[in-house]
Amino acid sequence: MGQEIGITVVNNTLSAPSDDLLNKRYQRFAFYRWINNQTSLGYSANNNLAIRSTSEKAPFTLLLNDDVILRDRALAQLVDAIRSQTTTGAVGPTILNQDGTLQWGKVPFPVGVGGLLQALIGNKPYLKLFGARTSYFLIGACLLLRTAALDEVGFLDEGFDPGYAEDMDLCWRLIQAGWQVHFCPEARVVHLGGSSFGQYSAARHKLIFHNLFRFARKWRPGFEVILLMIAWLIGITARLVINSLGPKRKYTPISYSEALQAILLEFRYRSD
């Protein structure tokens, strides 16, 4: 299958690979290109650089993080899924942690009444209650795109760099243009996570909420953006209080105090 696949790798670490490693890759794939960045770039800029450097003949384009491991027939299953309907613009897999537990493979768009409920009660309760009736975006760590759809709506928005919400923005543009976005649960990948911005760090919270509200300001009316920010402020404050009053846990997957600080910072912004 390697002879049917073209690969473009963007090296953002500013250290060049060995010639031996590159020669082995060149022999394995039909098309292989390694790009060494002169300066460190953001997630969208790196992916756009790779997309522009990949063969124009490729019918599909796979965005794949360097900390994602494809399991079993994941790539073939994604290709089969996107080929099954010509109106499908993007397909994403089930995403797992190293220990086999589920990560987010799809997430509801933070828009309208649903977005407000999502902010107030959290993603997991919202999906449990309303998941079957909500539109969603796919996580960009592993995302198969129809090249024709990508050419129509444009590449990733580099205004979201260094990272987060660019996948949400891309899926939104695909849907608005009439393309379908599908979750492919049988395709499974492992995402190590946290390698780019630090797992649950203060900087990560700031990026997440800044780009969440940037997406809202880009696509939604001003009054809805304000309501969304207030809903997140109330929701995170409530979770912070509940967490502080409950039994102490050795491991808390999110720092609500840091998330709250990140949200408060966003009230300073009105536009990008």
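The values are calculated or read from the model by the stated rules, or taken from the named source; none is laboratory data. Bear in mind that the values here come from a model prediction, so they are computed numbers and not experimental data. With ideal geometry, Cβ positions are generated from the backbone for all residues, glycine too; neighbour counts draw on all protein chains shown.
Side notes on the structure shown:
- Test: residue in the range 217-232 that is at pLDDT below 90 and either in a helix (DSSP H, G or I) or over 23 Å from the mean Cα position of the chain (by Cα) (or both): no
- Taken over the range 154-180, the criterion of being within 15 Å of Leu63 (Cα to Cα), in contact with a helix residue (DSSP H, G or I) (Cβ under 8 Å, 6 or more places away or on another chain) and surrounded by 18 or more Cβ atoms within 10 Å (Cβ to Cβ) is satisfied by Phe155, Leu156, Asp157, Gly163, Tyr164, Ala165, Glu166, Met168, Asp169, Leu170.
- Among residues of the range 125-137 that are farther than 14 Å from Trp104 by Cα and surrounded by 12 or more Cβ atoms within 10 Å (Cβ to Cβ), those with a Cβ under 9 angstrom from a residue that is aliphatic (A, V, I, L, M) and at pLDDT 85 or above, sequence gap 6+ or separate chain, pair up as Leu129/Leu117; Leu129/Ile121; Phe130/Leu117; Ser135/Val111; Ser135/Ile175; Ser135/Val181.
- Conditions (1) modelled with pLDDT under 90; (2) in contact with a strand residue (DSSP E or B) (Cβ under 6 Å, 6 or more places away or on another chain): number failed by Leu14: (2)
Matching residues to (1) buried (at least 18 other Cβ atoms within 10 Å of the Cβ); (2) without any contact (Cβ under 8 Å) to a residue 12 or more places away in the chain:
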{"site": "Ser40", "(1), (2)": "no, no"}
{"site": "Ile51", "(1), (2)": "yes, no"}
{"site": "Leu64", "(1), (2)": "yes, no"}
{"site": "Ala74", "(1), (2)": "yes, no"}
{"site": "Thr88", "(1), (2)": "yes, no"}
{"site": "Trp104", "(1), (2)": "no, no"}
{"site": "Val107", "(1), (2)": "yes, no"}
{"site": "Val113", "(1), (2)": "no, yes"}
